[in-house]
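One structure is given here, and the rest of the page talks about it.
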Amino acid sequence: MAIVASLPTPGLNLFSSLPLGKDPTASSSPPPPPPPPPIPIPKYPPPLKKSKNSANPAFKIPHLRTKYYKPVKDGGGVIASDGDRSVLVGDSGVSYLLPGAPFEFQFSYSETPKVKPLAIREPAFLPFAPPTMPRPWTGKPPLKTSKKKIPVFDSFNPPPAGKKGVKYVEMPGPYPFGKFPEEGKSREEILGEPLKTWEIKMLIKPHLSDNRQVNLGRDGLTHNMLELVHSHWKRRRVCKVRCKGVPTVDMDNVCRHLEEKTGGKIIHRVGGVVYLFRGRNYNYRTRPQYPVMLWKPAAPVYPKLIQEAPEGLTKAEADEFRKKGKNLLPICKLAKNGVYITLVRDVRTAFEGSPLVKVDCKGMEPSDYKKLGAKLKDLVPCVLLSFDDEQILMWRGQDWKSMYPEAQPSISFPAELDIASGSDDSGKSDDDCDNSDAKIVSSSPKMMLLWKRALESNKAILLDEIDMGPDALLRKVEEFEGISQATEHSYPALVMSTEDGSSNSISTFEDDSHSEKFSEDDMYSDDEYYDSESFEELETSAPPGSLSIDLIAGKLDKK
């Protein structure tokens, strides 16, 4: 009670910082207005009201996280149509058919699974601009019509050299001497005559260290890349395509789709880099023009890659394999956005020693290593068991066959001449020949040719006895070294007379095997498009120092 009595009057504010006796509410003057801001506040227009009834069904796309699920019928076929434009579902996935198109359009031509989808994740619509638009869709309002007459340049009518304000347009070619460009409609007419080897090198050389290229990633060859390739061909005759990621597992598939969809010709390929030639008679003005996809369609639903009981296994056996796979070491570690050209070969080789193979994919996107597993399933082939811990576990399957069959075609060397001892075995009786074990060698024809050439030139020896001791084998090697060195350093002498009567002895060496050379032109022998004729360097058979000019130079050096 004593504390309550000591409190001040009820009208006093205990937490006020103002001096006593002054009441802020008693002042009659209003407070001053706040100072104006240094920058005027902009007045934005009111937000546009979204119309509920939109004419184009493309603006009614459900969100990606919605549970839209529409099963596909067994027969597939057309699931939506708008006049002549329709959406198809088949074994090659979802495709779009437009009137006058040379083929069915797809978002990705090289990376679409070759399996019929089970359902679609969004309503079927065409991801192209409506046909009623008077101009191509650019996302901007149309420009005002210009009164100037703009000249139109193309490959057959390039701009003159030195003209300002005009970008460079590559002329058609290259052409042999005396030939000129011709208008072509088909692919064969546009490509023209096959390129020679020196022409291929001339076309590729400027692009080796150039970064002007088309990047091909995890989606593979997409529809919009077709127009991008033609835009590169407008400035240069060769388009450089660099492939990385999942498509590099099957580069043959990527190259096949590049040639089919663009109409060009692949003239060189190294690793994941492809050089695409447009053709001798290419004209940018008459190129095929395809509509551009305005957005990426949602991927349909495909069957699951991993099954509880895969092909040829029960659930208990599959679980046992998965347990063993946890302790299995991976054969390789794949990097993100790498080049996986040798992956199929490595997996096939690993299956020779183990029925289970694991590939480490840590750090990669889940969709990437799942696509890798689907490709390996078809290319190796194999059975997928799991994607646990970002690793692909595979089983080689019941129908697996080794790459090295037991019964290989064999070639036996005839017993003609013993090179080491120099004796001829022709005097032996028939019984001795029958009793002697034949030495069977299994190898490729090219390797056998090299072995025969080495035997004929005394650079190799054929041993009749396999079970030899180390001392006997050492004696054979020492004898053969003396024979091979004497043969190698013994050349026919060529005596040349000079003006003063002195003679100059120069050793010469004639190579009888110059007609059997393996050059890089053999790579193009299987392709009809390439021509093996080229300006090759001529090799002389005269040894160094045997020419007359060498003798004159030697005399001048002595003086």
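The values are calculated or read from the model by the stated rules, or taken from the named source; none is laboratory data. Note that the structure is a prediction, hence the values are computed from the model and not measured. Cβ coordinates were reconstructed from backbone atoms using ideal geometry, including for glycine residues, and neighbour counts include every protein chain displayed. For accessibility, only protein heavy atoms count, side chains too; no ligands or nucleic acids. Shrake-Rupley method; radii C 1.70, N 1.55, O 1.52, S 1.80 Å.
Before moving on, here are some points about what is shown:
- Test: residue in the range 226-246 that is within 16 Å of Q106 (Cβ to Cβ) and touching a His at 6+ places or on another chain (Cβ under 8 Å): no
- Any hit, the range 95-106, residues being open to solvent by less than 100 Å² (accessible area, probe 1.4 Å), hydroxyl-bearing (S, T, Y), within 32 Å of the chain's Cα centre (by Cα) and at pLDDT 80 or above: yes
- Matching residues in the range 209-227 - criterion: being more than 17 Å from the chain's Cα centre (by Cα) and within 20 Å of H268 (Cα to Cα): S209, D210
- Here W295 meets the list (1) in contact with a Pro (Cβ under 6 Å, 6 or more places away or on another chain); (2) open to solvent by less than 70 Å² (accessible area, probe 1.4 Å); (3) under 30 Å from A129 (Cβ atoms) almost entirely, failing just condition (2).
- Residue that is modelled with the lowest pLDDT, among those in the range 305-355 that are within 25 Å of M403 (Cα to Cα) and acidic (D, E): E311
- Qualifying residue in the range 71-80 (condition: within 12 Å of P123 (Cβ to Cβ), open to solvent by 100 Å² or more (accessible area, probe 1.4 Å) and modelled with pLDDT of 80 or more): no
- Residues of the range 298-341 satisfying the condition of being open to solvent by less than 60 Å² (accessible area, probe 1.4 Å), small (G, A, S) and more than 30 Å from F107 (Cα to Cα): A309, G312, A318, G325
- Matching option when the condition is touching a strand residue (DSSP E or B) at 6+ places or on another chain (Cβ under 8 Å), buried (at least 16 other Cβ atoms within 10 Å of the Cβ) and closer than 30 Å to V72 by Cα, among P127, P131: P127
- Residues within the range 184-197 that are of a type in the set (A, V, I, L, M, F, W, C), open to solvent by 20 Å² or more (accessible area, probe 1.4 Å) and within 24 Å of the chain's Cα centre (by Cα), tallied: 0
- Against the conditions (1) in contact with an Asp or Glu (Cβ under 7 Å, 6 or more places away or on another chain); (2) surrounded by 14 or more Cβ atoms within 10 Å (Cβ to Cβ), R242 satisfies every one except (1).
- Any chance Q289 is open to solvent by 10 Å² or more (accessible area, probe 1.4 Å) and farther than 26 Å from P130 by Cα: no
- Against the numbered list (1) aliphatic (A, V, I, L, M); (2) more than 17 Å from the chain's Cα centre (by Cα); (3) modelled with pLDDT of 90 or more, A298 comes up short only at (3).
- Qualifying residue in the range 194-204 (condition: assigned to a loop (DSSP other than H, G, I, E, B) and modelled with pLDDT of 80 or more): yes
- Selection within the range 342-363: residues that are in contact with an Asp or Glu (Cβ under 9 Å, 6 or more places away or on another chain) and surrounded by fewer than 20 Cβ atoms within 10 Å (Cβ to Cβ). The member of this set that is nearest to P247 (Cα to Cα) is V344.
- Considered as a group, the residues in the range 388-409 that are out of contact with any strand residue (DSSP E or B) (no Cβ under 8 Å at 6 or more places or on another chain) and either at pLDDT 95 or above or part of a helix (DSSP H, G or I) (or both) include one that is least open to solvent (accessible area, probe 1.4 Å), and that residue is D388.
- Any hit, the range 307-321, residues being in contact with a Leu (Cβ under 7 Å, 6 or more places away or on another chain) and either small (G, A, S) or under 30 Å from K234 (Cα atoms) (or both): yes
- Failed item in (1) among the aromatic types (F, W, Y); (2) under 23 Å from A298 (Cα atoms); (3) surrounded by 15 or more Cβ atoms within 10 Å (Cβ to Cβ), with Y175 passing the rest: (2)
- Candidates R121, R85: the one that is open to solvent by less than 40 Å² (accessible area, probe 1.4 Å) and among the basic types (K, R) is R85.
- Index of the failed condition, E188 passing every other in (1) assigned to a loop (DSSP other than H, G, I, E, B); (2) without any contact (Cβ under 8 Å) to a residue 12 or more places away in the chain: (1)
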